[in-house]
Amino acid sequence: MANLETTQNSQMPDNWTSLFTATGWANLILLVGLALVPTIAYYTGHPFWIDISTRLVILAIAAVSLNLVLGYGGMISFGHAAFLGIGAYAVGVPAYHATYGEFEAIASYNGFFQFGLAIAVAALFALITGAICLRTKGVHFIMITMAFGQMVYFAIVSIETYGGDDGLVIDTRSEFPGLDLSNPIALYALCFISLLVVLYIVHRLVNSRFGMVIQGAKGNAERMNAIGFNAYIYQLTAYVISGAICGYAGALLGNFTTFISPEMMDWSRSGELMFMVILGGAAYLLGPVFGAVAFILLEEILSGFTLYWHLPFGIILILSVLFVKGGMSGLLSRLGKRDG
Amino acid sequence: MAEPILSIQGLHKSFGGVTATDNVHLDVLDGETHAVIGPNGAGKTTLISQLSGALKPDAGRILFEGNNIVGQPAHKRSHIGLARSFQITSVFMEMTVLDNVALAVQAHDGHSFRFWTPARASKNLTDPAMACLKQVGLESRANDTASVMSHGERRQLEIAMALATKPKLLLLDEPMAGMGPDESARMVETLKSLSGKTMLLVEHDMDAVFALADRISVLVYGQVIATGTPDEVRADENVRHAYLGEAA
Ligand SMILES: Nc1ncnc2c1ncn2[C@@H]1O[C@H](COP(=O)(O)OP(=O)(O)OP(=O)(O)O)[C@@H](O)[C@H]1O
Ligand SMILES: [Mg+2]
């Protein structure tokens, strides 16, 4: 009888009761805070906060996409900034040709076209590179994802038309009917809603049959094969989905910065995304969002003190990896259990 | 008894200078429990791995229900009815016991490109998974995380995962490895309760082997030196000399 009860309880996860745990409250406060703080600040004459929050939310989307493969799938990609860059250039390049001619086929300010292009190219890049990277394991996987990332970096540097090293200014933002992205509030709303949608998608994914497979393949692919899964094609699919979402975040980033350069996809940018995932809590849905908040705040505070703010930054990351299992979200969930 | 379900013919595998499988011929008959015994390093795990598809043999054939399966990847072999357990416990540590088994059920319930519906809510997965847990006596631990289970319980879980794939032939690599006497006895009971399942059972524990096996093959330095009923093997001069004698 006791067995039966425990079974039934656990068949109702993610329900309303789970909202009122430490984790549930923290998640709620985080999301409501992200919705309200910049908006209120903006309308009370502090536009600085909406700028910083827009960047935060875009990076959070990228980190959530990385969490899908890194946290849930155990695929430690050190090249995710490439997808951000691809997404940003998928906005910048069509806009450039729409302004200066040539390449009529892709010349466009249309947002649906640009964002669609960002997702498609990022997914294709993920498919091709993932097919190769996923044949390797462990440190090799990390190194080869990084190598592919750097390849994109140098490819863009070498294209003079788009400014090479110096980058490219986006004169006109993506055009959507009834949505003016040069309005900071409108842009922020788009980013924030995108974050919510992406979180929901990832939530559904990781709890689906597909999600169970990629979580099983994390660290025990041999077992997966033995019970009858071709782990490789599921991992590759996860990698493509992750790349596509990150490409979408890149399209938002291009619209936010209106200046794109290869520097956006440097390996250190990939490292920052990993930082967000690990510090925030890998394999926790909102972990990367907490991580993005911590990253942005630390960056703001530390860079005020010293030019070499990456050093204390790195130290914090190492300490958190060594001592805080599961990052910020992991800490919160343990706090919740102690209370309950 | 019937036709061999598995027929290993002239199998060879070496690692550098070490010959781990040396011209092995071995038949497993439908319905029998066939034990493979042999000293440490005899090549028992290497043999299982070649059968399951984790390792590729250098030469020889493996006929499963008459078809040569050498060259088929491990996941395909699971779908034609081969299931293995591992000498070194291999379960999904971060998942619950039920999820571990449900995942094995899922592998045999169509493709898993299903991205939206929660897997844990699917009775098609949890009901058969619970049934397998009952078979090994773990149903009360269904919602515990695998990592908090005892060693013996995890070994039982491995068996449940193998059963969940509805195998025609179970390949068990030392299911009693590292167990105390009580746990071993429980495992023997579990395996006995599967009577009718065809099994290739690698085991060091002689009591278990003699309690369970219909036939025994003795592997020494990669070679099968004897095959027969438990009594025949016990009486075999070569075996006494090469193996049982050493142990006694
Ligand atoms: N991956 C490998 N690379 C090199 N040598 C290996 C490898 N796997 C096994 N061997 C060698 O092959 C031989 C057979 O090993 P195997 O693990 O199959 O023996 P076993 O009978 O299962 O032993 P045990 O009873 O200790 O489990 C040993 O000499 C071992 O060192
Ligand atoms: Mg062995």
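The values are calculated or read from the model by the stated rules, or taken from the named source; none is laboratory data. Quick caveat, the model's predicted, so the values are computed rather than measured. Heads up, the Cβs are rebuilt from the backbone with ideal geometry, glycines too, and the neighbour counts pull from every protein chain shown.
At least 2 residues being more than 10 Å from chain B (Cβ to nearest Cβ) and of a type in the set (G, A, S) is the threshold, and among the helices (runs of 4 or more DSSP H) wholly inside region A:146-242 those reaching it are A:184-207.
Only one of the numbered conditions (1) at pLDDT 95 or above; (2) away from ligand 1 (no atom under 13 Å from the Cβ); (3) surrounded by fewer than 22 Cβ atoms within 10 Å (Cβ to Cβ) is violated by B:D58, and that is (2).
In the set A:Y284, A:Y308, which member is buried (at least 23 other Cβ atoms within 10 Å of the Cβ) and outside any helix (DSSP H, G or I)?
Numbers: A:Y308 fails: buried (at least 23 other Cβ atoms within 10 Å of the Cβ).
Just a single option satisfies the conditions, and that option is A:Y284.
Any residue at all in region B:14-36 that's in the same structural domain as B:R141 (by TED's automatic domain parsing), within 16 Å of ligand 2 (Cβ to nearest atom) and in contact with an Asp or Glu (Cβ under 8 Å, 6 or more places away or on another chain)? Spell out how you get there, then give the answer.
So in region B:14-36, the residues in the same structural domain as B:R141 (by TED's automatic domain parsing) come out as none.
Checking region B:14-36: not a single residue is in the same structural domain as B:R141 (by TED's automatic domain parsing), within 16 Å of ligand 2 (Cβ to nearest atom) and in contact with an Asp or Glu (Cβ under 8 Å, 6 or more places away or on another chain).
Can you name every residue in region A:225-247 that is closer than 19 Å to A:V91 by Cβ and either of a type in the set (D, E, K, R) or in contact with a Gly (Cβ under 6 Å, 6 or more places away or on another chain) (or both)?
Start the filter on region A:225-247 by keeping residues that are closer than 19 Å to A:V91 by Cβ, which leaves A:243-247.
A:G247, the sole residue that qualifies.
Does region B:160-177 include one or more residues that are within 16 Å of ligand 1 (Cβ to nearest atom), surrounded by fewer than 20 Cβ atoms within 10 Å (Cβ to Cβ) and not in a helix (DSSP H, G or I)? The answer is yes; a qualifying residue exists. Only residues that are within 16 Å of ligand 1 (Cβ to nearest atom) and small (G, A, S) were counted across region B:72-124, and they come to 3. Selection of region B:130-188 for residues being at the interface with another protein chain (Cβ under 10 Å from one of its Cβ atoms), among the small types (G, A, S) and in contact with a Ser or Thr (Cβ under 9 Å, 6 or more places away or on another chain) yields B:S140, B:A142, B:A162.
Every condition in (1) within 13 Å of ligand 2 (Cβ to nearest atom); (2) part of a loop (DSSP other than H, G, I, E, B); (3) out of contact with any helix residue (DSSP H, G or I) (no Cβ under 6 Å at 6 or more places or on another chain) is met by B:Q72 except one, and the failing one is (1).
Would you check which residues across region B:28-41 are more than 10 Å from ligand 1 (Cβ to nearest atom) and touching a His at 6+ places or on another chain (Cβ under 8 Å) and list them?
Across region B:28-41, the qualifying residue is only B:V28.
Could you tell me whether B:S140 is more than 14 Å from the chain's Cα centre (by Cα) and touching a residue at least 24 places away in the same chain (Cβ under 8 Å)? Even if it seems obvious, please write down each step before you answer.
Details: more than 14 Å from the chain's Cα centre (by Cα): yes; touching a residue at least 24 places away in the same chain (Cβ under 8 Å): no.
The answer is no for B:S140.
I'd like the residue in region B:99-123 that is more than 8 Å from every other protein chain (Cβ to nearest Cβ) and in contact with a helix residue (DSSP H, G or I) (Cβ under 8 Å, 6 or more places away or on another chain) and, out of all such residues, is farthest from B:M161 (Cα to Cα).
Per the stated criteria, the residue is B:D109.
Against the condition among the polar types (S, T, N, Q), more than 30 Å from A:Y43 (Cα to Cα), modelled with pLDDT under 95 and out of contact with any Cys (no Cβ under 7 Å at 6 or more places or on another chain), how does A:S268 come out, does it pass? Write out each step before concluding.
Details: among the polar types (S, T, N, Q): yes; more than 30 Å from A:Y43 (Cα to Cα): yes; modelled with pLDDT under 95: yes; out of contact with any Cys (no Cβ under 7 Å at 6 or more places or on another chain): yes.
When the stated conditions are applied, A:S268 passes them.
For B:I8, the stated conditions hold: it is under 27 Å from B:A177 (Cα atoms), in contact with a Leu (Cβ under 6 Å, 6 or more places away or on another chain), more than 16 Å from ligand 2 (Cβ to nearest atom) and of a type outside the set (F, W, Y).
B:G81 falls short on exactly one of the conditions (1) within 15 Å of the chain's Cα centre (by Cα); (2) within 16 Å of ligand 2 (Cβ to nearest atom), and that condition is (2).
For region A:68-88, a tally of residues being surrounded by 24 or more Cβ atoms within 10 Å (Cβ to Cβ) and touching a Leu at 6+ places or on another chain (Cβ under 8 Å) returns 8.
Would you confirm whether any residue within region B:127-141 is in a loop (DSSP other than H, G, I, E, B), surrounded by 23 or more Cβ atoms within 10 Å (Cβ to Cβ) and more than 16 Å from ligand 1 (Cβ to nearest atom)?
Taking region B:127-141 and keeping what is in a loop (DSSP other than H, G, I, E, B), we get B:136-138.
Right, trim to surrounded by 23 or more Cβ atoms within 10 Å (Cβ to Cβ) and you get B:136, B:138.
Pick out the ones that are also more than 16 Å from ligand 1 (Cβ to nearest atom) and you get B:136, B:138.
Checking region B:127-141: at least one residue is in a loop (DSSP other than H, G, I, E, B), surrounded by 23 or more Cβ atoms within 10 Å (Cβ to Cβ) and more than 16 Å from ligand 1 (Cβ to nearest atom).
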